[in-house]
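Here's the structure, in structure tokens; my notes come after.
The values are calculated or read from the model by the stated rules, or taken from the named source; none is laboratory data. Remember, predicted model here, so these are calculated numbers, not experimental data. Reconstructed Cβ throughout: ideal geometry from the backbone, glycine too, with neighbour counts over all protein chains shown. Just the protein is used for accessible areas: all its heavy atoms, side chains included, with ligands, DNA and RNA removed. Shrake-Rupley method; radii C 1.70, N 1.55, O 1.52, S 1.80 Å.
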Amino acid sequence: MAINIKKCTLEDLGSLQGISVETFNEAFSNQNSPENMKAYLDRAFNLKQLEKELSDSSSEFYFIYFNEEIAGYLKVNTDDAQSEVMGNDSLEIERIYIRKKFHKQGLGQYLINKAIEIAIQCNKEKIWLGVWEKNKNAISFYEKMKFVHTGTHSFYMGDEEQIDFIMTKQL
């Protein structure tokens, strides 16, 4: 079993779009209308939007490979790229997704550890993320990783407002 993490570049744009759409669909299509899913996917994961995010110096994407196959990805944000005003002492995990066929391999923990490593290198004091209040498996995972529920914010899936728990981990 070989596990590797690699920082994404603009050359990875097509692969990033593919895994973003695939993993988001796997995670949320059963709980949301097809119209709202399509609206979100078209807005969040179009090539122009992903290229903009990849080009932002305050955001980084990483692929995690399991036996040389892309198994998931991580997006972290610092400074003004964070989706909420959390301060310059914070790093946001905006996206952390593992393809369904690679679940239960410990890969999410590798990506959390990568985010912690980046935060420490950037002299951040905490990391945080938003997780849908109905995503019980993810909430349990983050609690195991010592994140605590510290607030909420709105997330829009198409025209539907949903509530995300903000979970924070002090470093």
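Criterion applied to Ile64, Ile93 was being within 13 Å of the chain's Cα centre (by Cα), touching a residue at least 60 places away in the same chain (Cβ under 8 Å) and assigned to a strand (DSSP E or B), and the one residue passing it is Ile64. Residues being surrounded by fewer than 14 Cβ atoms within 10 Å (Cβ to Cβ) and within 18 Å of Gln17 (Cβ to Cβ) are entirely absent from region 79-96. The set of residues in region 13-53 that are closer than 24 Å to Asp164 by Cα, of a type in the set (A, V, I, L, M) and either open to solvent by 30 Å² or more (accessible area, probe 1.4 Å) or not in a helix (DSSP H, G or I) (or both) comprises Val21, Ala27, Ala39. Of all residues in region 111-140, those that are farther than 17 Å from Tyr73 by Cα have Cβ atoms under 7 Å from Cβ atoms of residues that are open to solvent by 40 Å² or more (accessible area, probe 1.4 Å) and part of a helix (DSSP H, G or I), 6 or more apart or on another chain, in Lys134/Gln31.
Picking from residues in region 68-77 that are at pLDDT 95 or above and not aromatic (Phe, Trp, Tyr), the one that is surrounded by the fewest Cβ atoms within 10 Å (Cβ to Cβ) is Glu69. For region 142-171, taking the residues that are of a type in the set (A, V, I, L, M, F, W, C) and open to solvent by less than 60 Å² (accessible area, probe 1.4 Å), the one that is farthest from Gln121 (Cα to Cα) is identified as Met157.
Trp132 fulfils the conditions (1) of a type outside the set (Val, Ile, Thr); (2) surrounded by 17 or more Cβ atoms within 10 Å (Cβ to Cβ); (3) within 29 Å of Met1 (Cα to Cα) except for a single criterion, (3). Annotation for region 109-130: at least one member residue is of a type in the set (A, V, I, L, M) and touching a helix residue (DSSP H, G or I) at 6+ places or on another chain (Cβ under 6 Å). Of Ile166, Ile118, all but one fail to be within 27 Å of Ala2 (Cα to Cα) and at pLDDT 95 or above; the exception is Ile118. Pairing residues of region 1-23 that are in contact (Cβ under 8 Å) with a residue 60 or more places away in the chain with residues that are β-branched (Val, Ile, Thr) and open to solvent by less than 60 Å² (accessible area, probe 1.4 Å), at Cβ distances under 8 Å and at least 6 apart in sequence or on separate chains, gives Ile3/Ile64; Asn4/Ile64; Ile5/Ile64; Ile19/Ile70; Thr23/Ile98. A search for C-beta distances below 9 Å between a residue of region 144-158 that is of a type outside the set (Val, Ile, Thr) and any residue that is surrounded by 12 or more Cβ atoms within 10 Å (Cβ to Cβ) and part of a loop (DSSP other than H, G, I, E, B), counting only pairs 6+ apart in sequence or on different chains, returns Gly151/Glu84; His153/Ser83; His153/Glu84; Met157/Asn32; Met157/Ser33; Gly158/Asn32; Gly158/Ser33.
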